[in-house]
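The structure under discussion appears below in the form of structure tokens.
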Amino acid sequence: MSSCGCGNTPKADANGAVGTVGTAMPTGGKDLLNSGSSELVECRVMPGSVIEKARAEAEGLFRDYEGNRYWFCCKGCGPRFDANPRKYADVS
């Protein structure tokens, strides 16, 4: 797991589940991870960070590469993707 400098450091818990440090849900918040929404994707640059597609697009946190769209968890991930898009696009 890597960190992109946005403060969302992926971390596995005792059961091996990956989440992010410092991302507690606010009171009354919507639990996107358990909502059953198909509009969630994992950041290719920082695996373990889940992003809502609509929010990422509204904030410009995406790139199109070879006919596919890739969404990012923060502004720091876009430039890292741009530097080597093939590396991140080939992630399975």
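Brief remarks on what is shown
- Near D64: Cβ cut-off under 12 Å, other residues only, Lys/Arg at +1 and Asp/Glu at -1. The net charge is -1.
- Three-way shape label, region 37-79, alpha-carbon gyration tensor, a/c 1.5: rounded
- Residue list for region 57-81, given a label point 7 angstrom along the Cα-to-Cβ vector of A89 and an amide N cut-off under 14 Å: 63-71, 81
- Highest average packing first - 82-89, 42-49, 57-64, Cβ atoms within 10 Å: 42-49, 57-64, 82-89
Coordinate-derived values only; no laboratory data. The shown structure was predicted, so the numbers you read here are calculated from the model rather than taken from an experiment. Glycine gets a Cβ as well: all are built from the backbone with ideal geometry, and neighbour counts include every protein chain shown.
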